[in-house]
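A short write-up of the structure that comes next.
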């Protein structure tokens, strides 16, 4: 499916920064010691990708979260720092003229990338969903409790041997985007979808949804189950330039019993107890918000 089809058919499109592919590029650029080491074709490709992301963010239907903007800022910082490094390590005078000619093209492309990243980050900031709600925090806490036990998030660079450190949990952006999709289904009148290149979301939005929506937590999670069916979220994953629909929450089935197979019985029971407490708090918090809204409406 092409992106234009998603933009035409969906009410709201939540954008994950992973679709711009900056992580691999930053690894390539990090080792460069001078402008002449930069691959101009890679720079041009990255500029095109960042411009495409900016175009997506400027669509009136798209939205993002602050963690996504921060990831773009981190990418921008890599470029800023690299330019600063090049400036502080100029070539020797006797070679300066020749090297300047060699450097001229990659330097101009890196400067252009820096400019495009800045404007894209600003576009992301303007489209942030600012969810200041205890219900959102509770949903996020459920996700962050379950995910490490199962180990859904994978650092594929680490698994493939490209780096020595597992960075799969250095960021919680995926958990925050997952919680945002839940919250939008529950408390918004518009259905939402997520577009991403991150393969972790399939597990986050299927396995965790089935667990926290399980029969074990009825009736406290009944509103959750009802709303993500009535106002479903969808997951589109970018593969080779196109998007494929992986999840429609109206079709998700819930576990009969809360059971994390990857855990011991003791860990499972502790997690189950904590999730049950969060659902009770969620129900109380949701009803309080509803009563406050009604009071304002009829005052």
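What do you reckon, is residue 147 out of contact with any helix residue (DSSP H, G or I) (no Cβ under 6 Å at 6 or more places or on another chain) and at pLDDT 95 or above? Steps first, answer last, please.
Values: out of contact with any helix residue (DSSP H, G or I) (no Cβ under 6 Å at 6 or more places or on another chain): yes; at pLDDT 95 or above: yes.
Against the criterion (out of contact with any helix residue (DSSP H, G or I) (no Cβ under 6 Å at 6 or more places or on another chain) and at pLDDT 95 or above), residue 147 qualifies.
Tell me, which residue of segment 19-39 that is part of a loop (DSSP other than H, G, I, E, B) and closer than 13 Å to residue 79 by Cβ is modelled with the highest pLDDT? Write out each step before concluding.
Filtering segment 19-39 down to residues part of a loop (DSSP other than H, G, I, E, B) leaves 21, 31-34, 38-39.
When the remaining residues are screened for being closer than 13 Å to residue 79 by Cβ, the result is 32, 38.
Values: 32: 75, 38: 84.
Result: 38.
Just checking, how many residues over segment 118-133 are part of a helix (DSSP H, G or I) and surrounded by fewer than 18 Cβ atoms within 10 Å (Cβ to Cβ)?
The initial filter retains those residues of segment 118-133 that are part of a helix (DSSP H, G or I), namely 118-126.
Subsequent filtering for residues that are surrounded by fewer than 18 Cβ atoms within 10 Å (Cβ to Cβ) retains 118-119, 122, 125-126.
Adding up the residues that qualify gives 5.
Residue-wise test of (1) at pLDDT below 95; (2) farther than 24 Å from residue 192 by Cα; (3) not assigned by TED's automatic domain parsing to the domain that holds residue 46.
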site: 219; (1), (2), (3): no, yes, yes
site: 223; (1), (2), (3): no, no, yes
site: 231; (1), (2), (3): no, no, yes
site: 238; (1), (2), (3): yes, no, yes
site: 242; (1), (2), (3): yes, no, yes
site: 246; (1), (2), (3): no, no, yes
site: 261; (1), (2), (3): yes, yes, yes
site: 284; (1), (2), (3): yes, yes, yes
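Name the single residue, out of those in segment 192-207 being touching a helix residue (DSSP H, G or I) at 6+ places or on another chain (Cβ under 7 Å) and surrounded by fewer than 22 Cβ atoms within 10 Å (Cβ to Cβ), that is farthest from residue 16 (Cα to Cα).
Here the residue is 207.
The values are calculated or read from the model by the stated rules, or taken from the named source; none is laboratory data. Note that this is a predicted model, so its numbers are computed, not measured. Note: ideal-geometry Cβ built from the backbone for every residue, glycine included; neighbour counts use all protein chains shown.
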